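S.K.: Please find one structure pasted underneath; my questions will follow.
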Amino acid sequence: MGHEIVGKAVRVGSKVEGGIKLGDRVGVGAQSSSCLKAECAECADNNEQHCQNGMVGTYNSKYPGDIGKSYGGYADYWRGPSHFVFKIPDELSSEDAAPMLCGGITSCSPLIRNGAGPGKKVGIVGIGGLGHYGVLFAKALGCEKIVAISRTSAKREDALKMGATDFISTDEDEDWVTKHAGSLDLIVSTVSSPKMPLMGYLNLLGVGGQFIQVGAPEDSIPPFNAFALIAKEVKIGGSMIGSPEEIRQMLKLAVEKGVHSWTNKYPMKDANKALVDFNEGKPRYRFVLVNEKHA
């Protein structure tokens with residue numbers, strides 16, 4: 001939807017933040033603005049994505065006042081506040097960096113915020129545009145165990161190449177809940193299907209485990225038994241993109257650990273074909289549209 005944009009800074013305002021200069025390669029993710037007021041608890045605490053006074057999405061939102069609308073990245077030029085614009089490290093290609101600015105941070109943020117790292121055992125539900133980042137960043141953070149969880153085994157080999165140490169196919173593996181019960185500290189669910197086997201996922205968690213939902217099903221998620229939470233002090237939560245500071249941390253981590261997006265490039269003129277291919281399940285694992293006029 002045009003909310004993961006990388007390009008070149010062609011104009012810079014007098015109050016620009018982050019040392020952005022003319023000619024710098026920069027990017028913007030799913031958020032273009034927030035109130036940024038000192039009295040806003042969310043903005044003051046590096047939680048701008050949760051600002052309750054004026055979170056502005058990069059597409060189809062309105063800036064406060066009479067500034068106008070946010071139109072996204074299907075364009076030759078984009079304009080927005082520098083607080084939400086990021087210098088892209090030289091070590092990352094534009095096609096690597098662009099999909100990290102929403103998809104990457106959506107999976108990276110809940111990992112970092114919920115303690116993913118050495119000694120931790122993490123499950124990633126759904127190996128798609130978001131889930132592949134979950135595996136890549138769990139590896140970059142040094143997690144002891146990374147279990148990729150999908151309906152079928154079609155993406156098993158890809159997941160293992162990304163860094164998964166194990167793979168669960170919920171439609172094909174018999175007794176997968178029993179075999180893996182209590183084996184994970186954290187699960188990040190990237191799927192948007194309301195038909196997920198939620199009770200099975202909760203049973204994979206150990207005592208004090210956390211289940212974080214980042215995929216957004218349009219319908220209600222399945223019901224679950226309260227004892228799945230009570231018996232092991234399991235917590236269910238959610239996460240939405242990440243703050244500007246977290247995006248900078250993610251880009252730094254990607255450089256330090258050599259994280260590269262798995263992408264397929266399309267020229268912007270073939271955007272409609274990309275949408276058709278997307279609906280047919282062809283992404284492996286992010287589509288990147290290249291504005292060849294300015295490439």
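Conditions tested, residue by residue: (1) in contact with a Pro (Cβ under 7 Å, 6 or more places away or on another chain); (2) within 22 Å of Met162 (Cβ to Cβ); (3) not in a helix (DSSP H, G or I).
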site: Lys252; (1), (2), (3): no, yes, no
site: Val255; (1), (2), (3): yes, yes, no
site: Lys269; (1), (2), (3): no, no, no
site: Asn272; (1), (2), (3): no, no, no
site: Val276; (1), (2), (3): no, no, no
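S.K.: Select from the stretch 27-47 the residues that are over 21 Å from Leu130 (Cα atoms) and surrounded by 22 or more Cβ atoms within 10 Å (Cβ to Cβ) and list them in ascending order. Please lay out each step first, then the result.
M.R.: Filtering the stretch 27-47 for residues over 21 Å from Leu130 (Cα atoms) gives 33-46.
Scanning the stretch 27-47 gives Ser33, Ser34, Cys43.
S.K.: Could you say whether any residue in the stretch 111-118 is part of a loop (DSSP other than H, G, I, E, B) and of a type in the set (D, E, K, R)? Break it down into steps so the answer makes sense when it comes.
M.R.: From the stretch 111-118, those part of a loop (DSSP other than H, G, I, E, B) are 114-118; that's our starting set.
Restricting the remaining residues to those that are of a type in the set (D, E, K, R) gives none.
No, because not a single residue in the stretch 111-118 is part of a loop (DSSP other than H, G, I, E, B) and of a type in the set (D, E, K, R).
S.K.: From the list Ala271, Ala231, Ala254, Ala226, which one is in contact with a strand residue (DSSP E or B) (Cβ under 7 Å, 6 or more places away or on another chain) and either surrounded by 12 or more Cβ atoms within 10 Å (Cβ to Cβ) or modelled with pLDDT of 95 or more (or both)? Walk me through how you get there before you give the answer.
M.R.: Numbers: Ala231 fails: in contact with a strand residue (DSSP E or B) (Cβ under 7 Å, 6 or more places away or on another chain); Ala254 fails: in contact with a strand residue (DSSP E or B) (Cβ under 7 Å, 6 or more places away or on another chain); Ala226 fails: in contact with a strand residue (DSSP E or B) (Cβ under 7 Å, 6 or more places away or on another chain).
Step by step, each of Ala271, Ala231, Ala254, Ala226 is checked, and only Ala271 is in contact with a strand residue (DSSP E or B) (Cβ under 7 Å, 6 or more places away or on another chain) and either surrounded by 12 or more Cβ atoms within 10 Å (Cβ to Cβ) or modelled with pLDDT of 95 or more (or both).
S.K.: To continue, here is another question. Condition first: free of Cβ contacts under 8 Å to residues at least 24 places away in the same chain and among the small types (Gly, Ala, Ser). Can you find one or more residues in the stretch 59-78 that meet it?
M.R.: yes
S.K.: Check the stretch 142-156 and report whether any residue there is within 18 Å of the chain's Cα centre (by Cα), touching a residue at least 60 places away in the same chain (Cβ under 8 Å) and closer than 18 Å to Lys257 by Cβ.
M.R.: Within the stretch 142-156, not a single residue is within 18 Å of the chain's Cα centre (by Cα), touching a residue at least 60 places away in the same chain (Cβ under 8 Å) and closer than 18 Å to Lys257 by Cβ.
S.K.: OK, next. Being farther than 25 Å from Lys269 by Cβ and hydroxyl-bearing (Ser, Thr, Tyr) is the filter here; which residues of the stretch 34-87 pass it?
M.R.: Selection gives Ser34, Ser61, Tyr63, Ser82.
S.K.: May I ask you to say which residue of Pro89, Pro99 is in a loop (DSSP other than H, G, I, E, B), in contact (Cβ under 8 Å) with a residue 60 or more places away in the chain and not β-branched (Val, Ile, Thr)?
M.R.: Working: Pro99 fails: in a loop (DSSP other than H, G, I, E, B).
Residue meeting the stated conditions: Pro89.
S.K.: Looking at the structure I just gave you, is Ile241 among the aliphatic types (A, V, I, L, M), part of a strand (DSSP E or B) and at pLDDT 95 or above? Walk me through it before giving the result.
M.R.: Numbers: among the aliphatic types (A, V, I, L, M): yes; part of a strand (DSSP E or B): no; at pLDDT 95 or above: yes.
Against the criterion (among the aliphatic types (A, V, I, L, M), part of a strand (DSSP E or B) and at pLDDT 95 or above), Ile241 does not qualify.
S.K.: On to the next question. Among the residues that make up the stretch 107-114, is at least one of them in the same structural domain as Gly54 (by TED's automatic domain parsing), surrounded by fewer than 23 Cβ atoms within 10 Å (Cβ to Cβ) and either under 20 Å from the mean Cα position of the chain (by Cα) or among the aliphatic types (A, V, I, L, M) (or both)?
M.R.: Step one: list which residues in the stretch 107-114 are in the same structural domain as Gly54 (by TED's automatic domain parsing), which gives none.
No, the stretch 107-114 has no match at all.
S.K.: Here is a follow-up. If we scan the stretch 44-66, do we find a residue that is modelled with pLDDT under 95 and more than 22 Å from Met240 (Cα to Cα)?
M.R.: yes
S.K.: Looking at the stretch 28-44, I want the residues that are closer than 17 Å to Trp78 by Cα and have a partner that is of a type in the set (Phe, Trp, Tyr) and part of a loop (DSSP other than H, G, I, E, B) with Cβ atoms under 7 Å, at least 6 apart or on another chain. Which pairs are those?
M.R.: Val28/Trp78; Ser33/Tyr63
S.K.: So, one more: For the stretch 147-165, what are the residues that are within 25 Å of Cys108 (Cβ to Cβ) and surrounded by fewer than 16 Cβ atoms within 10 Å (Cβ to Cβ)? Reasoning before the result, please.
M.R.: Let us first name the residues in the stretch 147-165 that are within 25 Å of Cys108 (Cβ to Cβ), namely 147-151, 154-165.
The answer is Ala154, Glu157, Leu160, Lys161.
S.K.: What about Tyr77, is it surrounded by fewer than 14 Cβ atoms within 10 Å (Cβ to Cβ), over 21 Å from the mean Cα position of the chain (by Cα) and either β-branched (Val, Ile, Thr) or modelled with pLDDT under 95 (or both)?
M.R.: Numbers: surrounded by fewer than 14 Cβ atoms within 10 Å (Cβ to Cβ): yes; over 21 Å from the mean Cα position of the chain (by Cα): yes; either β-branched (Val, Ile, Thr) or modelled with pLDDT under 95 (or both): yes.
Considered against the rule, which asks whether it is surrounded by fewer than 14 Cβ atoms within 10 Å (Cβ to Cβ), over 21 Å from the mean Cα position of the chain (by Cα) and either β-branched (Val, Ile, Thr) or modelled with pLDDT under 95 (or both), Tyr77 comes out as yes.
S.K.: Quick one: in the stretch 222-274, of everything that is touching a Lys or Arg at 6+ places or on another chain (Cβ under 9 Å) and of a type in the set (Val, Ile, Thr), which residue is nearest to Gly117 (Cα to Cα)?
M.R.: Among those that are touching a Lys or Arg at 6+ places or on another chain (Cβ under 9 Å) and of a type in the set (Val, Ile, Thr), it is Val259.
S.K.: So is Met199 part of a loop (DSSP other than H, G, I, E, B) and at pLDDT 95 or above or not?
M.R.: On the way: part of a loop (DSSP other than H, G, I, E, B): no; at pLDDT 95 or above: yes.
No; evaluated as a whole, the condition is false for this residue.
The values are calculated or read from the model by the stated rules, or taken from the named source; none is laboratory data. Just so it is clear, the model here is predicted, and its values are computed rather than measured. Every residue, glycine as well, gets a Cβ built from its backbone with ideal geometry; the counts of neighbours run over all protein chains shown.
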